[in-house]
1. Being assigned to a helix (DSSP H, G or I), buried (at least 22 other Cβ atoms within 10 Å of the Cβ) and not β-branched (V, I, T) narrows it down to one of G115, G192, so name that one.
2. Specify the residue that is surrounded by the most Cβ atoms within 10 Å (Cβ to Cβ); the eligible residues are those in the stretch 252-289 that are among the small types (G, A, S) and under 21 Å from A342 (Cβ atoms).
3. Pick from A275, A264: which is touching a residue at least 60 places away in the same chain (Cβ under 8 Å) and not hydroxyl-bearing (S, T, Y)?
4. Just to confirm my filter: which helices (runs of 4 or more DSSP H) fall fully inside the stretch 258-347 and include at least 3 residues that are among the small types (G, A, S), within 25 Å of V83 (Cα to Cα) and at pLDDT 95 or above?
5. Could you grab me the full set of residues in the stretch 18-37 that are surrounded by 11 or more Cβ atoms within 10 Å (Cβ to Cβ) and assigned to a helix (DSSP H, G or I)?
6. Go through S225, S170 for me and flag whichever is crowded, with 21+ Cβ neighbours inside 10 Å and more than 16 Å from the chain's Cα centre (by Cα).
7. How about the stretch 343-392: which of its residues are buried (at least 22 other Cβ atoms within 10 Å of the Cβ), within 28 Å of A279 (Cβ to Cβ) and of a type outside the set (A, V, I, L, M)?
8. Name the single residue that is modelled with the lowest pLDDT among those in the stretch 202-253 being part of a helix (DSSP H, G or I) and among the aromatic types (F, W, Y).
Amino acid sequence: MHLVDGPRPDLRAEARRFGRFMLQELKPKGPLLTPFNVITGAIILLSAVLLTIRFTKGLGAITNLSQDVPWGLWIGFDVITGVAFAGGAYVIVFMVYIMGQEKYHPIVRVTVLNGFLAYVFYAGALLLDLGRPWNVINPVIGNSFGVSSVLFLVAWHFMLYMFAQFVEFSPAVAEWLGWKRVRKVLGAMTLGAAIFGITLSILHQSGLGALYLMARDKVHPLWYSEFIPILFLVSSIFAGLSLVIFEGSITHKVFHHRVGRRLAATHGDIVRGLARICAGAMFVYLFAQILVFVHGQRWEYLGTGLGWWYLLELVGFVAVPAGLYIYGFRNNRVPVIRVAAALALVGIVLNRLNVTVIGFKWYAAQRYVPTWMEIVVTLAVISAELWVFRWVINRMPVLDFDMSESGHAQEREERAGVVAA
């Protein structure tokens, strides 16, 4: 006698159906032999060979890292710069879920997806740089917790924030799989995950800067400051939003067949709004940098080569793009805004590399220069992220999830229910 009336689900049939669905989804959508696939595929294959050498023969086999310079390109660009670029996720989520700026709702999922993949791949690149990568689990299992280390804080922030971003993006996965009840539960969890994720992101964006507070005598005085955690946090705002503008413009064209009606109609307005926020954040950052410079009395360094390099970073890649942002949104010039976004991204790369590589131990007789193999591995990490991003965009409701007004209304009702509770 059955305890529950009605037909019992055939679990084997459901499992077979799910397996056929996944096999179908794993098939490529589009031609295989494209210039992008060929170039990035070759980079990934070459990187696989290089990483095999690295994990069998040690870091010294393919890098110029040493006991004197333990952190190089893989930390300076993959982690420190990559996490700054992922800052758009917490800013957009804050504006939509906390501030109620529904204008930016169409780009929430793609921005969260960008942030999640950035943390998975760039924070995952930490494993490449660790001499004993299996020790990465120590902060979790309690074997030499290292609670007095800033890296302990950063490690837990990274891990928890990746989980929070996955929860924020999970409604899209449930919709793709057709799990309506699961989608409802996950949608109700989104607001809580957003608040948790915003808090974590603010803490670890500044926490990455706090790492270099312990390197006072190693970082060049033009880039070292006791306020470097605040500077890292503020710069992550316009870094992340600049990437949203730049990458969003490319995505809008490449995946035009996946773009929803609402996003297509409001894309220009969204870009102009983000440009206004970027300009404000960049002027706050520029003012803070000038204040730190004057307070530190570092005038004597301006006449040096690194002094001119410092001025190029601040003037050419902070002040100039900030001015272009203002001109772009005031005169409705989206192409100008895209140029400003590209310049701002270059400026963030320069700033993070100046702190972590170029201005680190600038006085040393022999300076660290990354090998071509380190550069190839970095390009492979970026290529792999782009492959996964493309796979998700072509299958899940990311750019076109707002085409259903009923679904959009349902999400707002779920968030309102959580707030009321």
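The values are calculated or read from the model by the stated rules, or taken from the named source; none is laboratory data. Keep in mind the model is a prediction, meaning the values are calculated, not measured. When we count neighbours, we look across all protein chains shown, and the Cβ atoms used for this are built from the backbone with ideal geometry, even at glycine.
1. On the way: G192 fails: buried (at least 22 other Cβ atoms within 10 Å of the Cβ).
Result: G115 is the single residue among G115, G192 that is assigned to a helix (DSSP H, G or I), buried (at least 22 other Cβ atoms within 10 Å of the Cβ) and not β-branched (V, I, T).
2. The residue in question is A275.
3. Result: A275 is the single residue among A275, A264 that is touching a residue at least 60 places away in the same chain (Cβ under 8 Å) and not hydroxyl-bearing (S, T, Y).
4. Working: elements: 261-296, 305-311, 320-330.
The qualifying helices (runs of 4 or more DSSP H) are 261-296.
5. Residues of the stretch 18-37 that are surrounded by 11 or more Cβ atoms within 10 Å (Cβ to Cβ), as a first pass: 18, 21, 25, 34, 36-37.
Those that are surrounded by 11 or more Cβ atoms within 10 Å (Cβ to Cβ) and assigned to a helix (DSSP H, G or I): F18, F21, E25, F36, N37.
6. S225
7. Of everything in the stretch 343-392, those that are buried (at least 22 other Cβ atoms within 10 Å of the Cβ), within 28 Å of A279 (Cβ to Cβ) and of a type outside the set (A, V, I, L, M) turn out to be G347, N351, R352, T356.
8. Of the stretch 202-253, the ones part of a helix (DSSP H, G or I) are 202-215, 228-253.
Keeping just the survivors that are among the aromatic types (F, W, Y) gives 212, 232, 238, 246.
Values: Y212: 89, F232: 95, F238: 96, F246: 94.
Among them, the one singled out is Y212.
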